[in-house]
Structure formats: structure tokens, C-alpha cells
Amino acid sequence: MVKDEMFQERVVRVEKPSSHFTLLRAPNGEFLSTSDTNELSVFDYVDDKAIWEKVGGKNAYRHIVTGIQLEVEAADAENGCYLRYQGNLLANDGSVGGEGAVFSAGHGPAHLPSAYLESFQENGWVCLPSIVAPDIVEELERVSCTGRWEAETYERRVPPLNETAAVAKIITEPVSLWLMRQYMKTREIRLGHSPGFAILSPDDGKRRVQGWHSDFPYLWGIAGSETVNRIPVHKVDGLVMGVQRNLCVSEFRKENGATCFKLGSHTFGQGPPVEWINGNTSRQEGVRESKGLPYTGPEADVVEAPAGSYIVYDSRIWHRAGVNRTAHKRAAMLQAVIPMFIMPFMDTSRPYKDFIHSSLADELTELEHRELESVMVNKMVGPQGHLAITVDDELTGRISVT
């Protein structure tokens, strides 16, 4: 790469939305929606039928798909309200009539889930701008020691899941879960590892910079992937074996090290070229001094997005962390997501068990508990029923190579 091509990546800017739709949650955390016959009910997922908008100038919500309008009535509960349809209160299950239930109105997507899915399926990636509520983002900034807290030093003592309930909240974010299940064509998806922060400090001109690679479970271009029998290089056949879901805790900009992509590369059926300085090469000593930075020319792309955005992409897409050329840290939270038939990268059962036995678990709804268990507990199903799979320390010791 010639010097004139340094930091010449194409910028794909996703702007901060001016408004968001609303999600209406029942007491158990499920979402008020409509059935196929347009009857009000609650469901454990969010598609277009779970999308509502506040009616301007009125204390009411309008259903985007059917136009059904609900009146809002104050309830003696924090952040809760009663909902009426044609004068009748809605019950726990969303049905009309009977004893009224207290619903909560929460932060929703800026666009319809179907629009995100169409873009995801067409391009192999999608950005959900500011999909996470601002108070959750602020809590993640606090824990990661970025933003207002960047003068502090982040020391990872336990998995982030066990530091704040905000991590469980973003794991169970419903729109991105629905998108990934649709894209991988299965409801049974799992986290490949417990979510972790990626905190990028200001570049000093000397530090090692991440090389180009594909994410778990493919790991094309990363040292050791061949020896641990990861997914072989292959042509695209319609089977998706991994999606990466990265949360922009900080605003992502080209200057502060937003992720660099080769958008569309999930269709190539191969890993990034050595000439771009892939993950194998970048780990070698003295690479930056001898070869410079990994490729930053005009054939690469940088996705810029506001804080609280999810960037969701096919794990085969070539990418790498950017170079932070500002004076401030930027943070992301990384989540590899796989269908249940792929072996996870790390054991997620231990941080999950620690979480459910802590006081943090009290901050989740019933639905959030179910979704967290679904994506963090790996299972096998046989004559003995559903059995959780975890790490055996004794056997691990027997197979360890020194």
C-alpha cells in the first residue's frame, strides 16, 4: 500500500435517528403485538407486529401494522401504565377485557425490523442505530471506563456480565435477536463466548494493530485457526454458521478506530489476503515497523455509527479494529453468535451461573431471563432429555498440552 492511501477507507455513515418507535412490554417482559388475525396478544419476540408509535398530541399509542390505537391510563407503578382498547383494559396476555395489567413503554428501533432484515440479507450486514436505550449505554460507559469515566482504568476482574445487569439487557435486545435468528434460519442460537469489552486506546504510533480476519467460528486469517479445526475455507452455500453482533458503546468514527470492513467479502469463500496484513501476520514481532499498518486503502470500508448502535454482520466478512487517532478511548462490546450446532469458542455456563445467583438477576424480566438462558446455556438433547453442557476440569487437565 502506498503512503497516499493511508486512512483512505470509504466511510459508510449511519446517522443518529431523530425518533424511535416504542415497544410495549407486559409484566413478564413479553411484547404487545397482534396475531395473524390482528387480535392483540403478547409474544416473546419483536417483528413488525410488535412496533408502536406515540400518537402526537394524544396520550395514546398506534400500532404500525394495523393502525389499532390504544389509550394510555396512569397506573400506580413506576414507569408503567394501563392500556385501553375501545374503552376496555388490556390483560396480562394482551387480550381485551378482564383485570387490567400494567404495561411499560420502552425504547424501540428507529425503523421496522423487516427493513433491517431485508438489508441484512441483501448485504450481509446491518446497523441498528441507537437501538440500545441511552441509560444502558451510559452504564456500559461507566463500567468500561470510557466517556465521562475515561480517566479511570478498566481492570477486568470478572466477565462484564457479572459487573452490571446492563450487559444482560443488551444480550437480550429483542430486535437484533430476531434478525440473527432469521438470518441463520434457526431460533436456537447461542453466544460463542461471554460478551467482552473491546477498548481501543489512542494510538501511539508503535502499538500492534489488529490484522484482517473473519470472526468466530470461521477465524479465517487468524493464527491457529487451522490447527484447532475451525470452519474450513469454502464457497458460500447458503448455510450461515456465525454472526457477529457488536455494540458501539462509544460513537464509532473513522478517527477513533471504528471497525474497518471489506463489505461484501462474506461471499468470497476465502479469508483476507496476506498482502493486507492478516491476523496471522499482524501477530508477528516488528510487523508495524517493517510493513506498516494493515491495509487502510480505498477498497476497505469504515462503518460510522452513533453510540448505542448494534452493527450485526456475517462472521465471514473481513474486518479489523481501526486505528484510534483521537485523544480519547473508544469502547465496543463484542458478541459472537452461532447456531446451536456449532461448538462455542468459550464456556458461557460459568458466567451465566454466577449471574443468576447474584442480585443483578433481580433486574431482569421473566422474558429476559428466558432469553439469557437460551443463548448462554449449551444443551444436548437425548433419551435423558435436555442436558446442559459445560467444562469438566478433570478432563480438561487430562487433555491439556504443555
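The values are calculated or read from the model by the stated rules, or taken from the named source; none is laboratory data. The structure presented is a predicted model; accordingly, all values stated were derived computationally and were not measured. Cβ: placed from backbone, ideal geometry, glycine included. Neighbour counts: every protein chain shown.
A single entry from Glu53, Glu73, Glu99 fulfils the requirement of being acidic (Asp, Glu) and under 12 Å from Phe21 (Cα atoms): Glu53.
For every residue, the table says whether it meets (1) touching a residue at least 40 places away in the same chain (Cβ under 8 Å); (2) among the aliphatic types (A, V, I, L, M); (3) under 16 Å from Gly124 (Cβ atoms).
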residue: Leu200; (1), (2), (3): yes, yes, no
residue: Asp215; (1), (2), (3): yes, no, yes
residue: Trp220; (1), (2), (3): yes, no, yes
residue: Val233; (1), (2), (3): no, yes, no
residue: Val243; (1), (2), (3): yes, yes, yes
residue: Asn246; (1), (2), (3): yes, no, yes
residue: Leu263; (1), (2), (3): yes, yes, yes
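Within region 236-251, the presence of at least one residue that is in contact with a helix residue (DSSP H, G or I) (Cβ under 6 Å, 6 or more places away or on another chain), more than 20 Å from Ala198 (Cα to Cα) and surrounded by fewer than 21 Cβ atoms within 10 Å (Cβ to Cβ) is confirmed.
When both residues are 6+ apart or on different chains and their Cβ atoms are under 9 Å apart, which pairs have a first residue that lies in region 149-168 and is under 19 Å from Glu368 (Cα atoms) and at pLDDT 95 or above, and a second that is surrounded by 19 or more Cβ atoms within 10 Å (Cβ to Cβ) and of a type in the set (Phe, Trp, Tyr)? Within 9 Å, the pairs are Pro160/Phe197; Leu161/Tyr352; Leu161/Phe355; Asn162/Phe355; Ala165/Phe355; Val167/Phe355; Ala168/Phe355.
Against the numbered list (1) modelled with pLDDT under 95; (2) under 28 Å from Thr172 (Cβ atoms), Lys58 comes up short only at (2). Restricting attention to region 236-274, the residues that are within 22 Å of the chain's Cα centre (by Cα), farther than 25 Å from Arg330 by Cα and of a type in the set (A, V, I, L, M) total 3. Among the criteria (1) in contact with a helix residue (DSSP H, G or I) (Cβ under 9 Å, 6 or more places away or on another chain); (2) surrounded by fewer than 18 Cβ atoms within 10 Å (Cβ to Cβ); (3) not in a loop (DSSP other than H, G, I, E, B), the one Ser33 does not fulfil is (2). The set of residues from region 40-80 being part of a loop (DSSP other than H, G, I, E, B) and under 20 Å from Ala115 (Cβ atoms) comprises Tyr45, Val46, Asp47, Ile51, Ile64, Val65, Thr66, Gly67.
Scan region 345-392 for residues that are part of a loop (DSSP other than H, G, I, E, B) and touching a His at 6+ places or on another chain (Cβ under 7 Å) and the total you get is 3. Per the listing Val126, Val132, the residue uniquely hydrophobic (A, V, I, L, M, F, W, C), out of contact with any strand residue (DSSP E or B) (no Cβ under 6 Å at 6 or more places or on another chain) and either more than 27 Å from Ala60 (Cα to Cα) or modelled with pLDDT of 95 or more (or both) is Val132. Applying the set (1) at positive phi; (2) touching a helix residue (DSSP H, G or I) at 6+ places or on another chain (Cβ under 6 Å) to Gly264 leaves exactly one unmet item: (2). Per the listing Ala133, Ala168, Ala110, Ala151, the residue uniquely over 14 Å from the mean Cα position of the chain (by Cα), of a type outside the set (Lys, Arg) and closer than 25 Å to Phe31 by Cα is Ala110. Taking each residue of region 48-75 that is at positive phi and looking for partners that are of a type in the set (A, V, I, L, M, F, W, C) and outside any strand (DSSP E or B) with beta-carbon atoms closer than 6 Å, six or more apart or interchain, yields nothing.
Arg330 falls short of the stated requirement of being surrounded by fewer than 17 Cβ atoms within 10 Å (Cβ to Cβ), over 30 Å from Lys185 (Cβ atoms), modelled with pLDDT of 95 or more and basic (Lys, Arg).
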